[in-house]
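J.: Here you go, one structure.
The values are calculated or read from the model by the stated rules, or taken from the named source; none is laboratory data. Since the model is a prediction, treat every value here as computed from it, not as a measurement. As a convention, Cβ positions derive from the backbone with ideal geometry for all residues, glycine included, and neighbour counts pool all protein chains shown. Keep in mind that these areas ignore ligands, DNA and RNA; they rest on the heavy atoms of the full protein, side chains included. Shrake-Rupley method; radii C 1.70, N 1.55, O 1.52, S 1.80 Å.
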Amino acid sequence: MFFHKQELQFTSKPSKPDAVYARKLQEVLGGQYGEITVAMQYGFQAWNSHLPGKYRDMLFGIGAEEMGHVEMLAIMIAQLLEKAPLGITEDAIQSDPTVAAVIGGMDVQHAIVAGAGARPVDSNGNPWQGSFITASGNLLADFQANANAEMQGRLQVARLYHMTDDHGVRDLLSFLLARDTMHQNQWIAAARELQDEGLESLPVPSNFPIKKEERSVSYQYQNFSDGAAAAEGSWASGPTPDGLGEFTYHDGPTTSAPMPPATQVDARYYGTTPVPNRVEKIAGAVQDKLHRE
C-alpha cells in the first residue's frame, strides 16, 4: 500500500524557466537509467524476492525513495517549463529568447502533449520502457545490476550538472548525486554481504552444478583482437574472483568445430533453398492439402 505525502525529500525549484534544459533533464527521469527505471526496478525486485528480511526490506525502502526522486524531477521539469510560450511567430522568434529556445531545442511535446509538464520519456521523447528493468529473482545478479544503474545514472546527472548555471537546478542535482553515491556503495555492500553470508556466490547462479559446464574454458581469456595489451590484465593470469580456478591467456580461441550444413526448412517459409522453385511449390501445395507440417 502506498500513501502520498505532499512534501519533497529535497528542494526542487529552479532559479528561472528553461524549456531547453527541461528536455535535457528528461533523460534522468525517463531514460534507461533514469529515476523511473530504478524506482520500478527496485520495486519489482522486492515484489519478486524469495528471501524475507533485511534485503527485501531494503529493496522496498529504496524503491520508495526513488519514487520520491521521480516526483522531484517531474516537478522541476514542470517549473522549468512554467513560462514556455503557447505559440510561435516570426517576430516572436526574434524578440523573445524563450520562443527562440523552442526552435532551438525544446521538446515540443512538453507543450503539445503535456501542457508544459514532464513526461515519462527520455531526452529525445522516446517513451520509458519496462524492458529497462532487471528483476531476475537472484539477488546477487540484481544487486550488481543496481550498482551499474546507479553508476550510469550518476554519470548522467554529473554531465547535466555542467550543462546549467541555474543554482536551483544545481542544488537538486547535487542532492541526487549524493544519493547516487550512497546507492552505489549500498548495492556493492549488499552484494558483498550476500556472499559473506553464503547466500550467493560467483559464478551466478552459484547453485547450478558447475560440473555441467565445459570447465576446460571456464577461466580462459581468449583474445579475439590484435590488441595484445589485454594479456597484461588480472583477468589473463592469477586467481579468479570466485576462488575456483586460475585465469589463463590464449591468443585466440582454444576450441573450434566444423560449420554444419545450411538448414532446409518447410517450403511454406518461402526461403531460397537449393531445391528448385517448382519443386518447392509442389511440396507446399501437397502439405497444405494434407493439412500436414
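J.: What does the charge dipole of the chain about its Cα centre add up to, to the nearest 20 debye, if the Cβ of each Lys and Arg holds +1 and the Cβ of each Asp and Glu holds -1?
T.: It comes to approximately 780 debye.
J.: Based on the Cβ-Cβ distance of GLU214 and ALA262, what FRET efficiency does E = 1/(1 + (r/R0)^6) give at R0 = 25 Å, to the nearest 0.05?
T.: 0.45
J.: Over the alpha carbons of the chain, what is the largest minus smallest coordinate on each principal axis, giving the biggest first in Å?
T.: That gives 70, 62, 48 Å along the principal axes, largest extent first.
J.: If you don't mind, another one. Nearest 500 deg cm²/dmol is fine: what mean residue ellipticity at 222 nm does the chain get from its DSSP H runs of n ≥ 4 alone, each adding -39,500 (n - 2.57), divided by its residue count?
T.: Per the formula, -15000 deg cm²/dmol.
J.: Now, a different point. In square angstrom, what is the accessible area per residue of the chain with a 1.4 angstrom probe?
T.: With all protein chains present, the chain gives 61 Å² per residue.
J.: Using a 1.4 angstrom probe on heavy atoms only, work out the carbon and sulfur share of the accessible area of the range 19-197 in %.
T.: Answer for the range 19-197: carbon and sulfur cover 54 percent of the accessible area.
J.: Which of GLN264, GLN220, GLN156 ends up with the largest GNM mean-square fluctuation for the chain, with Cα atoms connected below 10 Å?
T.: GLN264
J.: Sticking with this structure for a sec: How much net charge surrounds VAL38 when only the other residues with a Cβ under 9 Å from the Cβ of VAL38 are counted, with Lys and Arg +1 and Asp and Glu -1?
T.: Around VAL38, the surrounding residues sum to -3.
J.: In nm, give the distance between the simple-model label positions of ASN124 and LEU202, each being 7 Å from the Cα along the Cα-to-Cβ direction.
T.: Reported label-point gap for ASN124 and LEU202 is 3.4 nm.
J.: If you don't mind, there's one more thing I want to ask. On a 0 to 90 degree scale, rounded to 10, what angle separates helix 277-290 from the longest Cα axis of the chain?
T.: Helix 277-290 and the main axis of the chain meet at about 90 degrees.
J.: Percent relative contact order of the chain, based on C-alpha pairs within less than 8 angstrom and at least six residues apart?
T.: Worked out over the chain, it gives 18 percent.
J.: Rounding to the nearest 10 and keeping the result within 0 to 90°, find how far the Cα-based axis of helix 54-80 lies from the longest principal axis of the chain.
T.: 50
J.: To the nearest 10 degrees, how steeply does helix 167-196 sit against the main Cα axis of the chain, on a 0 to 90 scale?
T.: Rounded to the nearest ten degrees, it is 30.
J.: For the charge dipole of the range 210-250, defined by +1 on Lys and Arg C-beta atoms and -1 on Asp and Glu C-beta atoms about the Cα centroid, which residue among PHE247, GLY227, ILE210 has the Cα displaced farthest towards the positive pole?
T.: So the residue we want is ILE210.
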